[in-house]
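Since the structure comes first, as structure tokens, the remarks are kept for the end.
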């Protein structure tokens, strides 16, 4: 970088990936999704363009998606087997590899904010369940009652499989859409960050936790390489340690971000039934949005401009 040259900034977000049927997507619904994605990306980019940190940017973007009932995170979270909402979230900063995460939390309005507090106000990385709720209460995190999280469409989904061993990954045709949300960003200071948030699977049992709050599986950031947020079949992403694997391919094999993402998404995940995708940004501001399924709700703003898309 030459003296006086401005450092690049970039942000990318996702709102889930999977078998998204174009025939079932009305013009109104598509417009609603794209508007929400664009709003989230612009909120995050506004932080970056004002000189703010990548951590503030990804948190701002994910909060917008958590507040929307369109996505399986925060307000739009699906119902578990008992008819409640159990949410997971994680944040990580690339400058020092500090991270915070929560799993199985209930009634927390914005789990991504709670994950950040775990990083900043505790000596832990991941806390769960009742303990995470007590931590939220201790830190005066905004809470909402069950009615805030109730969505009729989500409830109808759950009623269809209630009392069975079936789980649903979200609300698209064929039960193959993954509504996890996430964001990655590079700020003007050269620091990377990633955040991911989800309501998990409809009708999930036994406190099931997916990849989203697990550092290295669904969320990862390292200033030496990239920041990653994943969405898809969580069990496969856990087994593949997908987010960290992108970093490792760059750090140890010298692959570009685009090639590292391609290897993980299209070679390593499919044999594990790892349907889904991920968003990534490297330390030079290059953004990659890739998936191995028909669609991924996504948006990005970087030096090349703005993009909002669902299908290929």
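Taken together, the values in this text are just the output of simple stated rules run on the coordinates, not laboratory data. Keep in mind that what you see is a predicted model, and the values were worked out from it rather than measured. Note that we place each Cβ from the backbone using ideal geometry, even for glycine, and neighbour counts take in every protein chain shown.
Could you give the angle, 0 to 90 degrees to the nearest 10, between helix 54-66's Cα long axis and the longest principal axis of the Cα atoms of the chain?
Helix 54-66 and the main axis of the chain meet at about 30 degrees.
How big is the Rg/Rh ratio for the stretch 1-154, C-alpha atoms only, Rh by Kirkwood, two decimals?
1.01
Using 0.36 nm per residue of separation minus the Cα-Cα distance, give me the extension gain between residue 272 and residue 49 in nm, one decimal.
Stretched fully, the residue 272-residue 49 segment lengthens by 76.3 nm.
Fully extended, how many nm does the chain gain between residue 139 and residue 224 (0.36 nm per residue separation, minus their Cα-Cα distance)?
Here the segment from residue 139 to residue 224 would lengthen by 27.4 nm.
Restricting to DSSP H runs of at least four residues, report the calculated mean residue ellipticity at 222 nm for the chain, -39500 (n - 2.57) per run over all residues, nearest 500 deg cm²/dmol.
Here the helix-only value at 222 nm equals -9500 deg cm²/dmol.
Compute the orientation-averaged projected area for the chain from the convex hull of its Cα atoms and round it to one decimal in nm².
15.3 nm²
So how tilted is helix 152-161 from the main axis of the chain? Cα-based, degrees 0 to 90, rounded to 10.
The answer is roughly 70 degrees.
Quick check: pseudo-label points 7 Å beyond the Cα along Cα→Cβ at residue 148 and residue 189, how many nm apart are they?
Each label point is offset 7 Å from its Cα along the Cβ direction, giving 2.9 nm.
Can you give the angle from 0 to 90° between the axis of helix 111-121 and the longest principal axis of the chain, with both taken from C-alpha atoms, to the nearest 10?
Approximately 60 degrees, to the nearest ten.
Working out 0.36 nm times the residue gap between residue 309 and residue 121, then minus their Cα-Cα distance, what length gain in nm do you get to one decimal?
64.0 nm
Which of 275, 120, 259 has the fewest other C-beta atoms within 10 Å, and how do the rest follow up to the most?
Result, fewest neighbours first: 120, 259, 275.
Given points 7 Å out from each Cα along the Cα-Cβ axis, report the residue 29 to residue 130 separation in nanometres with one decimal.
Using points 7 Å along Cα→Cβ, the separation is 4.0 nm.
Would you mind ranking 220, 148 so that the residue whose beta carbon has the fewest other beta carbons within 10 Å leads the list?
148, 220
Restricting to Cα pairs below 8 Å that are 6+ residues apart, what does the relative contact order work out to for the chain? Please round to a whole percent.
25 percent
So how do 24-34, 263-273 stack up, highest first, on mean other-Cβ count within 10 Å?
Sorting 24-34, 263-273 by mean packing, highest first, produces 263-273, 24-34.
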